[in-house]
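What follows draws every value from the coordinates through simple rules; no lab data is involved. Remember, it's a predicted structure, so these values are computed and weren't measured experimentally. All Cβ positions, even for glycine, are placed from backbone atoms using ideal geometry, and neighbour counts span all protein chains on display.
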Amino acid sequence: MKNFTVERLSFDTLTELPNSWQNQDFKSLLLETGYENPDEIEPSELKAMCLMALTDLEPAEAAQLVLGYLFADQLNAGQIENLAHQMLTEKLWEENPKLEQHEGFYKATQLLYEAYNGKFPRAEAVQFQVQLTATTPEDLALFDTHPQAPLLRLLAQGMPDNTLLKRLFHEQLDGTSFPEAPAIIWQLHPIKREEKIAVFEVISSAYWLDDFKYADSYEGTTQEDILVENES
């Protein structure tokens, strides 16, 4: 067990994930809608043209197209069709059982929500910076290779006992195996590193980490995951 002082430096709510859609994505989606020459569109106009092309379709049809683009190698046509209809009413970035697909469902929903002016659920994510102060410089090595699990263990200690993360993953938070952690922390950016201090920016679903907005400064303990290699 390593001891840290944890301090929340900032906290914001997002309706879209930073850098989640690039111009190349908009060009690819335009081609999927049947648009012939997306390379001729001014870069600053690509997103608007893409949204317009999507709204020429029925909402469920547009959802199918976007999911097909994002999950072509993970879902089959039947699954994509079913999920496209569910997207109209369900928060798939929270409710789908496959955590590793949550970020993709969020990206799809945020784009379709904007295109259809609210016909899809409003997507909410959180973005915050957290500072970790270690007892010794060596303790920060915990976050060098697989930082999500040890970081989540610290974040959970700043949230209420009834928070969803603690209720669903108490064994993983207490133990040394938390394979779901990278699917819960969608984006993790190191902001600062000093001798005993590390600052991270965390982006995740409000579903998991919204309660961290109540955290201030506290002492916490954490441990690294023991990665078990799959036996062949």
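For LYS107, the lysines whose Cα falls under 29 Å of its own Cα, not counting residues fewer than eight places away in the same chain, are LYS27, LYS47, LYS91, LYS98, LYS119, LYS166, LYS192, LYS213. Comparing GLN172, GLY78, CYS50 along the charge dipole axis of the chain, the residue lying farthest to the positive side is GLN172, per the Cβ-charge model. The C-alpha atoms of the chain define a longest principal axis, and helix 164-174 lies at about 50 degrees to it. Computed from phi, the 3J(HN,Hα) profile of segment 133-143 under the Karplus parametrisation 6.51, -1.76, 1.60 (θ = phi - 60°) reads 10, 8, 6, 10, x, 5, 5, 5, 4, 3, 9 Hz, with x in place of Gly and Pro. Note on segment 42-173: Kirkwood hydrodynamic radius from all Cα pairs is 17.5 Å, rounded to one decimal. Taking all Cα-Cα distances within segment 23-115, those exceeding 22 Å account for 25%. Segment 120-224 has equivalent-ellipsoid semi-axes of 22, 16, 13 Å, by the square roots of 5 times the alpha carbon gyration tensor eigenvalues, sorted largest first.
Angle check, please: helix 77-86 long axis (alpha carbons) against the longest principal axis of the chain (alpha carbons), in degrees 0 to 90, nearest 10. In the chain, helix 77-86 runs at an angle near 80 degrees to the longest axis.
Report, to the nearest 10°, how far helix 46-55 tilts away from the longest principal axis of the Cα atoms in the chain, using its own Cα long axis and a range of 0 to 90°. The two axes meet at around 70 degrees.
For segment 98-152, the spherically averaged projection of the C-alpha convex hull amounts to 5.3 nm². When Rg and Dmax are taken over the Cα atoms of segment 1-57, they come to 18.8, 58 Å.
Equivalent ellipsoid of the chain: semi-axes from √(5λ) of the C-alpha gyration tensor, largest first, are 37, 19, 17 Å. The distance from the alpha carbon centre of segment 43-93 to that of segment 107-148 is 23 Å, rounded to a whole number.
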